Amino acid sequence: ILHRFFQSMQMRKIYIDREGGRKMKVLIYRPKGRRSAPQTGVLRIHGGGYLTGFAAMAGLLGMGKRLVRRHGCVVISPAYRLRRGGRYPHALEDCYSALLYMASHARELGIRTDQIFVGGESAGGGLCAALCQLARDRGQVRIAYHMPLYPMIDDRDTDSSRDNHNLGWNTVSNHFGWKVYLGELYGTASVSPYAAPARQTDYSGLPPVYTFVCTGEPFYCETLSYVEHLREAGIEAEVDVYEGLFHAFDILQPWRKVSRRAAERFDAAFTRARERYFAENDL
């Protein structure tokens, strides 16, 4: 499988500056062969509950490889800091450093300057949502579209995360992930919406969104709430809901009919987004 994968893609590893002057590894995925025109660029942030994971997950698992192989995108994946070293705001600032690099080097990376998208699953989806808020407020990079799939965005219990014992990710693991990520802020009213995007009160000016989620997982309620808040703010927001199942079902069981359907729905939403959403950058 990996042999076929790398026959159709190129992967390059680089190191970029991040806050504090330290270097961060970033992986760049692109289709094999030269393309004369710049392509949509996607900053893909890997999941792992703010605890674990690695940059290659964003290109090898989930929708990352589809974006490169099927849609011809350039995908950028940062190796952001994890566990206590990545405690908020460090992981988010790492992702922001990757976004700045992506926007300021768009032409040499073969990326359209008016079509920078951001995406990720689970905690990667949470960082995706937080990054869109941070980029909006700092005003340096304009994100055209975001795709936070079943995102981990609320440190508070919801109806679907309060007593969840399903596969993959549940109430116990969710509490532990947030405790590590937030540190002393955990359980307080001082948690920033940049840390837990569900705490945001101003959704205006955020980019359009597509996401999907299943009813059996902890993030069901917070995902639907996020979409509803965006719609109330006049932001175009699409969501697909799959009955039952469990967190990250599409990654853990990609051969299932429902996972293939989710991938096809993602493809359709992404194709519409490329045709409709643009935000020019000139760094």
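The values are calculated or read from the model by the stated rules, or taken from the named source; none is laboratory data. This one's a predicted model, so the numbers in the text were calculated from it and none came from an experiment. No Cβ is skipped: glycine too gets one built from the backbone with ideal geometry, and neighbour counts run over all protein chains shown. Just so you know, the surface numbers come from the protein's heavy atoms only, side chains and all, with ligands and any DNA or RNA stripped out. Shrake-Rupley method; radii C 1.70, N 1.55, O 1.52, S 1.80 Å.
Take every DSSP beta bridge with both residues inside the range 1-147 and express the antiparallel ones as a percent of the total, to the nearest 5.
Values: 13 of 25 bridges.
Bridges in the range 1-147 are about 50 percent antiparallel.
If I take every Cα pair under 8 Å that is 6 or more residues apart in the chain, average their sequence separation and divide by the length, what percent do I get for the relative contact order? Show your work: numbers first, answer last.
Numbers: 584 pairs, mean separation 49.6, N = 283.
Relative contact order here is 18 percent.
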For the range 208-283, take every pair of Cα atoms, bin their distances at 10 Å starting from 0, and report each bin as a whole percent. 17, 43, 30, 9, 1
Between ASP137 and SER104, what is the spin-label point distance in nm, taking each point 7 Å from the Cα along the Cα→C-beta axis? 2.2 nm
How are the alpha carbon pair distances in the range 146-214 distributed across 10 Å bins from zero to the largest one, expressed in percent? 17, 48, 32, 3
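For the chain, please report how many Lys pairs fall under 22 Å Cα to Cα, leaving out neighbours fewer than 8 apart on the same chain. Please report the intermediate quantities before stating the final value.
Working: LYS13/LYS23; LYS13/LYS25; LYS13/LYS32; LYS13/LYS65; LYS25/LYS65; LYS32/LYS65; LYS65/LYS257.
Taking the chain as the scope, the lysine pair count is 7.
Return a whole-number percent for the relative contact order of the range 150-263, with Cα pairs under 8 Å and 6 or more residues apart as the contact set. All intermediate terms of the calculation are to be shown ahead of the outcome.
Details: 162 pairs, mean separation 35.7, N = 114.
The normalised contact order for the range 150-263 reaches 31 percent.
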Mean shadow area (nm²) of the C-alpha convex hull around the range 91-187 is 7.2 nm²
Just how many % of Cα pairs in the range 34-119 lie over 17 Å apart, if you round to the nearest whole percent? 48 percent
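Restrict the search to the range 176-257; then list the GluC sites (Glu not before Pro) that DSSP places in a loop and that have at most 13 other Cβ atoms within 10 Å of their Cβ. Before the final figure, lay out each step's value.
On the way: sites: GLU184, GLU222, GLU228, GLU232, GLU236, GLU238, GLU243; in loops: GLU236, GLU243.
Counting only loop positions with at most 13 other Cβ atoms within 10 Å, the GluC sites (Glu not before Pro) in the range 176-257 are GLU243.
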Gained length - ARG231 relative to ARG276, 0.36 nm times residue gap less alpha-carbon distance: 14.5 nm
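Please arrange ILE16, ILE251 by accessible surface area, largest first, computed with a 1.4 Å probe and ligands excluded. Before the final figure, lay out each step's value.
Working: ILE16 5, ILE251 50 Å².
Listed by decreasing accessible area, they come as ILE251, ILE16.
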Can you give the helix-only mean residue ellipticity at 222 nm for the chain, where every DSSP H stretch with n ≥ 4 adds -39500 (n - 2.57) and the sum goes over all residues, rounded to the nearest 500 deg cm²/dmol? -10500 deg cm²/dmol
Let me know the Rg and Dmax you get for the chain when you use only its Cα atoms, in Å. 17.3, 52
Given all pairs of distinct Cα atoms, the range 129-245 yields a Kirkwood Rh in Å of 14.7 Å
If the label point sits 7 Å along Cα→Cβ of SER173, residues of the range 184-222 with amide N under 11 Å come out as 218
Cα-projected label distance for GLU243 with ASP114, points at 7 Å along beta-carbon direction, nm: 4.3 nm
